[in-house]
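Asks: This is the structure I want to talk about, given as structure tokens.
The values are calculated or read from the model by the stated rules, or taken from the named source; none is laboratory data. Every value quoted in this text rests on a predicted model; they were computed, and no experiment measured them. With ideal geometry, Cβ positions are generated from the backbone for all residues, glycine too; neighbour counts draw on all protein chains shown.
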């Protein structure tokens with residue numbers, strides 16, 4: 001589990017438990033107890049688990065109490081607190097669908113072979129307005145084969161992530177992969193949510209043949225990299241695929257050039273420079289990649305100045321645009337960007353971690369040998385994509 005984000009609130013176990021047990025009227029902010037419940041995943045102790053159980057048992061229907069209860073359920077799942085399983089199971093009948101969702105997810109994390117609990121989860125698929133995707137994924141994860149009859153109807157649902165999860169689950173529970181191509185096809189869907197979701201479903205189905213398509217899917221490299229790595233880990237462990245087969249796709253994703261993606265969006269006319277710059281801020285990275293490709297192809301002379309202006313105005317503080325600007329300045333081989341790229345390489349703020357690897361690749365593209373010792377220093381890390389990117393950049397600089 002990636003723990004880089006756990007210390008944002010810097011609470012001790014005693015502080016988090018005390019905060020979780022503080023009456024709402026004595027809190028500095030109504031979300032403080034939610035923060036405490038979230039923070040206790042740092043502390044896998046009996047005390048933390050008991051405090052979270054107590055939060056789940058709080059019968060209050062006030063909004064922030066319900067939100068805290070949901071987070072406590074999630075944290076118990078993350079802690080794999082088996083002693084809490086009976087209590088978590090009682091939440092499957094809660095009127096709040098989000099509480100039910102977190103209870104189902106937590107049971108999936110803890111694990112159970114109790115058919116009464118599993119059947120109660122399966123019956124939720126017959127209930128309206130539930131989080132069907134989480135329920136389906138959990139039933140497949142816990143290998144509850146009687147759930148297939150409940151899941152089957154969702155293959156024709158009008159919600160792509162639910163359809164994707166249903167097909168993946170049926171593949172896992174029955175061994176019949178005849179419909180898996182429908183999940184692969186979602187990698188090219190207009191909806192970014194469908195694209196992201198189906199990567200998880202392909203991981204769950206252990207469908208190794210999808211690795212090349214995942215590498216070319218226009219979503220953030222975080223989703224693609226995770227998909228390829230998890231499939232690689234299970235595939236190499238079982239001898240289904242080799243590391244040599246995976247490596248070209250890992251390198252392709254780490255380099256993350258828009259020409260190596262199958263873009264799902266297009267412009268019906270030549271966009272203005274300002275419009276394309278604004279695309280770098282889009283929450284759908286498919287649009288960001290189209291914007292990057294357009295800047296490289298249509299505005300290679302004007303782009304550097306426009307990128308510096310957007311950096312100073314907003315991109316320096318927007319983690320998505322930050323990443324795309326960094327990568328673009330490297331592809332454009334814009335030498336005045338050297339100091340900016342070094343700053344990005346050395347930025348350890350959690351929200352900008354993706355940009356560190358992007359900056360390493362950009363420095364390799366820039367070709368300035370002053371970056372060699374800095375890249376060597378940055379490569380001394382446990383962060384996989386940063387270590388890999390530094391290696392690629394150092395090799396490129398050595399070749400230069």
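Asks: Return the only residue of 16, 51, 29 being out of contact with any strand residue (DSSP E or B) (no Cβ under 7 Å at 6 or more places or on another chain), more than 15 Å from residue 103 (Cα to Cα), surrounded by 20 or more Cβ atoms within 10 Å (Cβ to Cβ) and at pLDDT below 95. Even if it seems obvious, please write down each step before you answer.
Replies: Details: 51 fails: at pLDDT below 95; 29 fails: surrounded by 20 or more Cβ atoms within 10 Å (Cβ to Cβ).
The conditions single out 16.
Asks: Under the condition of being surrounded by fewer than 15 Cβ atoms within 10 Å (Cβ to Cβ) and at pLDDT 95 or above, which residue from the range 271-297 is nearest to residue 194 (Cα to Cα)? Walk me through it before giving the result.
Replies: Taking the range 271-297 and keeping what is surrounded by fewer than 15 Cβ atoms within 10 Å (Cβ to Cβ), we get 272, 274-275, 283, 297.
When the remaining residues are screened for being at pLDDT 95 or above, the result is 272, 274-275, 297.
Details: 272: 29, 274: 29, 275: 25, 297: 28 Å.
Restricting to residues being surrounded by fewer than 15 Cβ atoms within 10 Å (Cβ to Cβ) and at pLDDT 95 or above, the top hit is 275.
Asks: Surrounded by fewer than 14 Cβ atoms within 10 Å (Cβ to Cβ) and not in a loop (DSSP other than H, G, I, E, B): is that true of residue 74 in this structure? Give the steps one after another, and end with the answer.
Replies: Details: surrounded by fewer than 14 Cβ atoms within 10 Å (Cβ to Cβ): no; not in a loop (DSSP other than H, G, I, E, B): yes.
Judged against the criteria, residue 74 is not a match.
Asks: Another question, then. Can you pull out the helices (runs of 4 or more DSSP H) entirely within the range 166-218 that have at least 2 residues that are in the same structural domain as residue 249 (by TED's automatic domain parsing) and within 14 Å of residue 230 (Cα to Cα)? Reasoning before the result, please.
Replies: Numbers: elements: 180-185, 192-204, 211-215.
Counting at least 2 such residues, we get 192-204, 211-215.
Okay, residues lined up against (1) over 22 Å from residue 344 (Cβ atoms); (2) out of contact with any strand residue (DSSP E or B) (no Cβ under 7 Å at 6 or more places or on another chain); (3) in the same structural domain as residue 343 (by TED's automatic domain parsing):
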site	(1), (2), (3)
228	yes, yes, no
235	yes, yes, no
261	no, yes, no
289	no, yes, yes
292	no, yes, yes
307	no, yes, yes
312	no, yes, yes
317	no, yes, yes
320	no, yes, yes
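Asks: Anything in the range 20-53 that is outside any helix (DSSP H, G or I), over 25 Å from the mean Cα position of the chain (by Cα) and over 19 Å from residue 87 (Cβ atoms)? List them, or say none. Show your work before the answer.
Replies: Keep residues of the range 20-53 that are outside any helix (DSSP H, G or I), which gives 21-23, 27-31, 43-45.
If we keep only those that are over 25 Å from the mean Cα position of the chain (by Cα) too, we end up with 21-23, 27-30, 45.
22, 23, 27, 28, 29, 30, listed by residue number.
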